[in-house]
Amino acid sequence: MGVARTPARLALACAVATLAAACSSPSDEPANDTTNAASTTSPPTADAGSGGPVVTYAVHEVDPPGAYDGISSDDMLIVSPETIPDDLVDQIRRIRVDGSKAVSAATSLSLSTFSLENKNYRIAAVDLDGYRRFTGPAQNGAQFQEAWERVAQGEIAVLDSLERRIPLDKDGYLAVGSGEQRFPIHVGAWTAQVGTIDAVVNTEWGEALGMPEDNALVVSTGAFSPQAVKKQLKKLLGPDMSITDLDIVAEAGLDPGVRQTAQVIGTFAEAVGVFRYTPIGGGRVQPDAAWVREHIITETLPLLGKVTCNRFMMPQLKAAVLEIQAAGLGSEIKYHVGCYYPRFIAGSTTLSNHSFGLAIDINSLENQRGTVGQISRAVVAIFKKWGFAWGGDWSYTDPMHFELARIVHPG
């Protein structure tokens, strides 16, 4: 369940959750120094006397969780593209093996995906009393009372192994969502999580973020083998539902051949939809053929030649290269090394934005990761104008990389 974390390792906390629509976006410059002793601070407010806007804050808060009262093993994660009906959840809870009750505990949650710096993270909106029981007995898991109270107050708890790796703004906020529907949420704690989940928020935040309601179920099989219970589960679940053995995930990463589901929140929900895929080895994934037919197209564009990308991104990509060409900067784009390439980030089970066809790499040899890159900043400015984020702005730079940051409709 990860390294134990005492309450003194809480992020610098704030009692309210996020900026309202009137508030500015989080800084593009990540700063992950969030290891101060626990404290509660008031968020910054605009000076009304300066003539500037008065900043208000939307609070997404739920009742605080009860005291720690035990744990359950996180054995399986069931994911559906839609809400799992209550009657089906009841049937799952009643599964019997050899005449004995085989599901000792189960809790529903809302599961989605958001993207930062070409990495996709799994986020869950959870009932805190139910979810925390599955995060293990360590001090950074089910017993970490203050962490779960912070989530109830509207903050976000992030997987402890991501500390100093996930990009935060200078005030300790994490940008969740995509495009223009991206919300800054303050990181209240670094904790253990369930399976492949990277971060959790409360149910009020889940509704505000537009996450599919209760589309996942964490199951504990207690003394029974998950494989024995899975045989019964497959008789109950529909063809669009996936089952992941979380013990296998914890030990060796995603099991090749087991279909997974990702649902992106924010502006890009339409561009991605429900992304079902199967790990096929070598860091690659195989999306469902129906998803590929609906979302991925190939066109020949000026300067780039033949490009295979997400159809929602293609108009913006075309508009950008046409403007680059019209500005006399065509010679600055020498080649591209791909847009749609379904794979994990190297060394992880985190999907790359290339898996969705929402990113493109240009002039790779001259613009290696960790360098400032040689790509023309005038070209970068045009890409940004047409809704792209540039990897050269990231904490660990990737100057060859451009990915969709917002949807723009060329006139």
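Taken together, the values in this text are just the output of simple stated rules run on the coordinates, not laboratory data. This is a predicted model, so every value here is computed, not measured. For neighbour counting, all protein chains shown are included, and Cβ atoms are generated from backbone atoms with ideal geometry for every residue, glycine included.
Table for the structure above
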{"item": "Using a Förster distance of 22 Å, the FRET efficiency for LEU329-LYS306 (Cβ separation, nearest 0.05)", "result": "0.60"}
{"item": "Cross-link table LYS119/LYS384; LYS119/LYS385; LYS119/LYS230; LYS101/LYS231; LYS101/LYS234, entries beyond 26 Å C-alpha to C-alpha", "result": "LYS119/LYS230"}
{"item": "Qualifying GluC sites (Glu not before Pro) in segment 314-391, DSSP loop, other Cβ atoms within 10 Å at most 13", "result": "GLU366"}
{"item": "Sparse-neighbourhood loop sites, trypsin sites (Lys or Arg not before Pro) in segment 142-250 - DSSP loop, at most 15 other Cβ within 10 angstrom", "result": "ARG164, ARG165, LYS170"}
{"item": "Likely footprinting exposure, MET241, MET313, fewest C-beta neighbours within 10 Å first", "result": "MET241, MET313"}
{"item": "Segment 182-208-segment 335-353 distance, computed between alpha-carbon centres (Å)", "result": "24 Å"}
{"item": "Within-15-Å neighbourhood charge of PHE312 [Cβ basis; K, R +1; D, E -1]", "result": "-1"}
{"item": "Label-point gap, in nm, between VAL62 and GLN227 - each point 7 angstrom along Cα→Cβ", "result": "3.5 nm"}
{"item": "Using alpha carbons only: equivalent-ellipsoid semi-axes of segment 282-404, gyration tensor based, whole Å", "result": "23, 19, 11"}
{"item": "Segment 351-411 shape via C-alpha gyration tensor axes, a/c threshold 1.5", "result": "oblate"}
{"item": "Nonlocal amide H pairs with GLY195, under 5 Å, H built at 1.01 Å", "result": "none"}
{"item": "Mean Cβ count within 10 Å, highest first, over the residues of peptides 282-293, 259-270, 125-136", "result": "125-136, 259-270, 282-293"}
{"item": "Using a Förster distance of 60 Å, the FRET efficiency for ARG94-SER348 (Cβ separation, nearest 0.05)", "result": "0.95"}
